[in-house]
1. Which of the residues that make up region 19-48 are of a type in the set (A, V, I, L, M) and without any contact (Cβ under 8 Å) to a residue 24 or more places away in the chain?
2. Filter region 66-84 down to the residues that are closer than 14 Å to Gly19 by Cα and either of a type outside the set (D, E, K, R) or in contact with a helix residue (DSSP H, G or I) (Cβ under 8 Å, 6 or more places away or on another chain) (or both) and list them by number.
3. Here are the criteria: (1) in contact with a Ser or Thr (Cβ under 9 Å, 6 or more places away or on another chain); (2) without any contact (Cβ under 8 Å) to a residue 12 or more places away in the chain; (3) within 17 Å of Glu106 (Cα to Cα). Tell me which single one Thr56 does not satisfy.
4. Look through Gly124, Gly134 and report the one residue that is of a type outside the set (D, E, K, R), more than 22 Å from the chain's Cα centre (by Cα) and assigned to a strand (DSSP E or B).
5. Among (1) touching a Ser or Thr at 6+ places or on another chain (Cβ under 8 Å); (2) open to solvent by 70 Å² or more (accessible area, probe 1.4 Å); (3) closer than 23 Å to Ile20 by Cβ, where does Lys123 come up short?
6. Is it true that Gly81 is open to solvent by less than 70 Å² (accessible area, probe 1.4 Å) and more than 30 Å from Glu39 (Cα to Cα)?
7. What residue, of Asp4, Asp100, is assigned to a loop (DSSP other than H, G, I, E, B), touching a residue at least 40 places away in the same chain (Cβ under 8 Å) and surrounded by fewer than 18 Cβ atoms within 10 Å (Cβ to Cβ)?
8. How many of the residues making up region 103-118 are under 30 Å from Asp163 (Cα atoms) and exposed (fewer than 11 other Cβ atoms within 10 Å of the Cβ)?
Amino acid sequence: EVVDDAHFGWQLVAEEPTGIIKGKVWNDLDGDGMVDEGEPGLEGITINLSNDADGTTTSGADGSYAFTELAAGDYVVDCIGPDGWTATTNPELRITLASDDEVYDEASFGWMEDVAEPTGIIKGKVWNDLNGDGMMNDGEPGLEGAVLTLAGDADGTTTTSSDGSYAFTELAAGTYEVT
C-alpha cells in the first residue's frame, strides 16, 4: 500500500522584534526647536507610545528615552511637558518602522520654560548717513525724533532720543519687523 498524504508542515518562527524608537527631551534655551550645544536634557518627563504598541516611559538624567522590542508598524509618540513650559517642537510624532529591526533615533522633544515677564529687547540707532554708504561711521550724528514702528508678534511705536537711539523692550520670543 502507498501512503501519499504523510505531509509535514513547518513554519519559521520569527525572532523577537528589535525595532527601537528613541530620542531626547531637552531644555530648548533659545526656543529654536533644535538641540544646540549646551542645552541640557530634561529628566523625568513622561513619553507615551501608542497605536501598534502601547507603552510609557520617562526620560533619564540626560533627557534620553527609548521604546525597544518594537515590530514593524505605525506608532504615535507623545511627550507630556513639564508644567509652566511650552513645546518648541511638535509634542506628538507619528512614526512608521518599516522593519522589525529598524532604529528610529530622531524622536526628540524640545521644551522652553515660560517666562513670567518677557525680557526681549530690540534696539538700535537712527543716524544721518552723511556719505550714503549704509554704515554708521564716526562723525555721523544720530537723528532725534524719528518714529519707529514695531509689527509682528507685538505692535508698538517709539521715538528716537537725542542721540538717535531707540529700544522696544519686554518682548516675548517671536518674529518682528521694525520700520
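The values are calculated or read from the model by the stated rules, or taken from the named source; none is laboratory data. Quick caveat: nothing in here was measured; it's all calculated off a predicted structure. Backbone-built Cβ (ideal geometry, glycine too); neighbour counts: all protein chains shown. What goes into the accessible areas is simple: the full protein's heavy atoms, side chains included, and nothing from ligands, DNA or RNA. Shrake-Rupley method; radii C 1.70, N 1.55, O 1.52, S 1.80 Å.
1. Those that are of a type in the set (A, V, I, L, M) and without any contact (Cβ under 8 Å) to a residue 24 or more places away in the chain: none in region 19-48.
2. Within region 66-84, Ala66, Phe67, Thr68, Leu70, Ala71, Ala72, Gly73, Tyr75 meet the criteria.
3. With (1) in contact with a Ser or Thr (Cβ under 9 Å, 6 or more places away or on another chain); (2) without any contact (Cβ under 8 Å) to a residue 12 or more places away in the chain; (3) within 17 Å of Glu106 (Cα to Cα) applied to Thr56, the lone miss is (3).
4. Criteria check complete, one pass: Gly124.
5. Condition (3) is where Lys123 drops out.
6. no
7. From the options Asp4, Asp100, the qualifying one is Asp100.
8. 1
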